[in-house]
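Asker: This is the structure I want to talk about, given as structure tokens.
The values are calculated or read from the model by the stated rules, or taken from the named source; none is laboratory data. These numbers come from a predicted model, not from an experiment. Quick reminder, even Gly has a Cβ in these numbers, built from the backbone with ideal geometry, and neighbours come from all protein chains shown. Only protein heavy atoms, including side chains, enter the accessible area calculation; ligands, DNA and RNA are left aside. Shrake-Rupley method; radii C 1.70, N 1.55, O 1.52, S 1.80 Å.
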Amino acid sequence: MLRSEKKMAYRILVADDEAEIREVLRLYLEKEGYEIVEAADGTEALRLLKEETIDLAILDIMMPGLDGYRVLRNVREENNLPVIMLSAKGSDSDKILGLDLGADDYITKPFVPLEAVARVKSNLRRFYALGAGESRGGQGVALQVGNLRLEPDSCLLYRNEERIELTSVEFRIMKLFMENPGRVFTKQQIFEAGWEETYMVSDNNVMVCISKLRAKLEKDGREYIRTIRGLGYRMEKE
């Protein structure tokens, strides 16, 4: 569930089968004023995400019951709260899979606790202060391009009357495209708009995110986001 009213402290779910990891994250995050909810396995994590008000989730990948990927897949069927994946698996393919399933960020074990805190802060800021959280209000009128309509206040995209759920990063990228239909954006511009961080030349997050958006959009056979070879991507006007 997503929080729908303004609150003083964000509530964060820390799901990891290692008690030491949960304790370290709890210690550092509580120092920042966050309220922490813990789960020792994927089944409990999914139950808490469905029944409790959670503002951000940190999900370990290798958990008993349901692994982090399966929990994430279930979460994305219902809401778009920020999700950070946590794992000892640091290969590009593991990161791509997590991002492709809708994760907003990825932390590799072993990690520096202060880095984890910084990533939590960054994702909360993007989503609730600058991004697409439902707790925001008054973000402006809907954007319309062809048969696509983006509702800024609810972070929802519609193709005709079909609702399409977006992650916070996907929302910001679609907003960039739909505010500028027909304009070509480089990978750097898309990354910095979507993730609000400095672009890394070797980063393939943009490619993965565009692929994910296309899978959500192009069920009617139309091409909404076109690749402009050697330049970047643009949204078709019609």
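Asker: If I filter the range 203-212 for residues that are over 25 Å from L97 (Cβ atoms), open to solvent by less than 20 Å² (accessible area, probe 1.4 Å) and without any contact (Cβ under 8 Å) to a residue 60 or more places away in the chain, do I get at least one hit?
Answerer: No: the range 203-212 contains no residue that is over 25 Å from L97 (Cβ atoms), open to solvent by less than 20 Å² (accessible area, probe 1.4 Å) and without any contact (Cβ under 8 Å) to a residue 60 or more places away in the chain.
Asker: Let me ask something else. Does the range 76-93 contain any residue that is crowded, with 20+ Cβ neighbours inside 10 Å and assigned to a helix (DSSP H, G or I)? Give the derivation first.
Answerer: Let us first name the residues in the range 76-93 that are crowded, with 20+ Cβ neighbours inside 10 Å, namely 80-87.
Right, trim to assigned to a helix (DSSP H, G or I) and you get none.
Checked against the condition, which is being crowded, with 20+ Cβ neighbours inside 10 Å and assigned to a helix (DSSP H, G or I), the range 76-93 yields no hits at all.
Asker: Please specify each residue of the range 171-197 satisfying the condition of being over 17 Å from the mean Cα position of the chain (by Cα), open to solvent by 30 Å² or more (accessible area, probe 1.4 Å) and either within 20 Å of V83 (Cα to Cα) or touching a residue at least 40 places away in the same chain (Cβ under 8 Å) (or both).
Answerer: Step one: list which residues in the range 171-197 are over 17 Å from the mean Cα position of the chain (by Cα), which gives 177-189.
Still in the running and open to solvent by 30 Å² or more (accessible area, probe 1.4 Å): 179-184, 186-189.
Within the range 171-197, N180, P181, G182, R183, V184, T186, K187, Q189 meet the criteria.
Asker: Still on this structure: Can you tell me which of (1) surrounded by fewer than 20 Cβ atoms within 10 Å (Cβ to Cβ); (2) over 19 Å from the mean Cα position of the chain (by Cα) is the one M63 doesn't meet?
Answerer: It fails just one condition, (1).
Asker: Another question about this same structure. Take the residues in the range 216-226 that are open to solvent by 70 Å² or more (accessible area, probe 1.4 Å) and under 23 Å from the mean Cα position of the chain (by Cα); name whichever of them is farthest from K187 (Cα to Cα).
Answerer: K219
Asker: Could you tell me whether the range 95-113 includes any residue that is farther than 28 Å from K216 by Cα and either touching a helix residue (DSSP H, G or I) at 6+ places or on another chain (Cβ under 6 Å) or in contact (Cβ under 8 Å) with a residue 40 or more places away in the chain (or both)?
Answerer: Yes: one or more hits.
Asker: Can you tell me which of K175, K187 is within 21 Å of G102 (Cβ to Cβ) and touching a Pro at 6+ places or on another chain (Cβ under 8 Å)?
Answerer: Values: K187 fails: touching a Pro at 6+ places or on another chain (Cβ under 8 Å).
Matching residue, one of K175, K187: K175.
Asker: Within the range 123-130, is there a residue that is more than 22 Å from R183 (Cα to Cα), at pLDDT 85 or above and surrounded by 15 or more Cβ atoms within 10 Å (Cβ to Cβ)? Break it down into steps so the answer makes sense when it comes.
Answerer: Step one: filter the range 123-130 for residues more than 22 Å from R183 (Cα to Cα), giving 123-130.
Now restrict to residues that are at pLDDT 85 or above: 123-124.
Pick out the ones that are also surrounded by 15 or more Cβ atoms within 10 Å (Cβ to Cβ) and you get 123-124.
Within the range 123-130, one or more residues are more than 22 Å from R183 (Cα to Cα), at pLDDT 85 or above and surrounded by 15 or more Cβ atoms within 10 Å (Cβ to Cβ).
Asker: Another one. Which pairs do you get when a residue that is without any contact (Cβ under 8 Å) to a residue 40 or more places away in the chain and open to solvent by less than 20 Å² (accessible area, probe 1.4 Å), found in the range 43-55, comes within reach of a residue that is part of a loop (DSSP other than H, G, I, E, B) and not small (G, A, S), reach meaning Cβ atoms under 7 angstrom, with the pair 6+ apart or on two chains?
Answerer: As it stands, the answer is L48/I54, since those pairs meet every condition given.
Asker: Output the residues belonging to the range 139-165 that are out of contact with any Ser or Thr (no Cβ under 8 Å at 6 or more places or on another chain), among the hydrophobic types (A, V, I, L, M, F, W, C) and in a loop (DSSP other than H, G, I, E, B).
Answerer: The initial filter retains those residues of the range 139-165 that are out of contact with any Ser or Thr (no Cβ under 8 Å at 6 or more places or on another chain), namely 139-154, 156-165.
With among the hydrophobic types (A, V, I, L, M, F, W, C) added as a condition, the list becomes 141-143, 145, 148, 150, 156-157, 164.
Scanning the range 139-165 gives V141, A142.
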